[in-house]
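The values are calculated or read from the model by the stated rules, or taken from the named source; none is laboratory data. Owing to the predicted nature of the structure, the values given are computational and were not obtained by experimental measurement. Cβ: placed from backbone, ideal geometry, glycine included. Neighbour counts: every protein chain shown. What goes into the accessible areas is simple: the full protein's heavy atoms, side chains included, and nothing from ligands, DNA or RNA. Shrake-Rupley method; radii C 1.70, N 1.55, O 1.52, S 1.80 Å.
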Amino acid sequence: MTTALFIPWGVAALSAAPSSPSPAAPSPAATPLKDAIHGISPAVDVSQYPLWMVVTAISVGTLLLALMLWLILKWIRSRPAPPPLSASAVALLELEKLRARVGGTEPYDFSVAVSEVLRTFIGNAKFRLPATRQTSPEFLAAISGSGMFSEADRSLLGHFLEKCDMIKFARMQATSADNSELVESALAFVQGGRS
């Protein structure tokens, strides 16, 4: 009986393949390619404009921007300032603010604020009286002989100052209705055609 030796096909193919040549010498076809490769070249400037043109353009642009900003600032500074508000306009603004707070402010604080607005108005308006530094009797005595105040003005101011003094100094129990009466009296005096 003979035994057959079984050899797989892939192994037989490998054993039958010729051996590869040794890499000792380069082939003649690779030599020209190697000679064609050179070292890395330096960077090439591909800008459309020379450097001096770019620097000049940036400088001119910066100068134009600075000139434009200077002209704008000069124009803003040369505009006339709005005219200052008159004494009556200031007093009316302050009294309207107080009118909005009639119900939310303690009568003591409210009477102090309204009295201050009205006294400042009298001091700054054409009356030029030191109303903020005078007591109520001193102020009423000062206006008693003045022709700038009518009898209705004196009566209104007398009632106003008396009520304010009662709330501030006598600590009279006051309500938001008293606050409303004070601010309406002050508004009536300021709106009486005075500037």
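Descriptive notes on the structure:
- Heavy atoms of residue 153: accessible area, 1.4 Å probe, square angstrom to 10: 20 Å²
- Taking 0.36 nm per residue of separation and subtracting the current Cα-Cα distance, fully stretching the chain between residue 40 and residue 78 would add 7.4 nm.
- For the pair residue 89 and residue 67, a Förster radius of 30 Å applied to the C-beta separation gives a FRET efficiency near 0.15, rounded to the nearest 0.05.
- Among 61-68, 83-90, the peptide with the highest mean count of other Cβ atoms within 10 Å heads the list, and the full ranking is 83-90, 61-68.
- Whole-angstrom gap from the range 36-77 to the range 127-174, using each part's C-alpha centre: 73 Å
- Where a label projected 7 Å from the Cα of residue 173 along Cα→Cβ would reach, residues of the range 95-124 with amide N under 20 Å: 103-111
- Residue 191 paired with residue 101, simple spin-label distance in nm, labels 7 Å along Cα-to-beta-carbon: 2.1 nm
- Length released on extending from residue 162 to residue 127, taking residue separation times 0.36 nm less the Cα-Cα span: 10.5 nm
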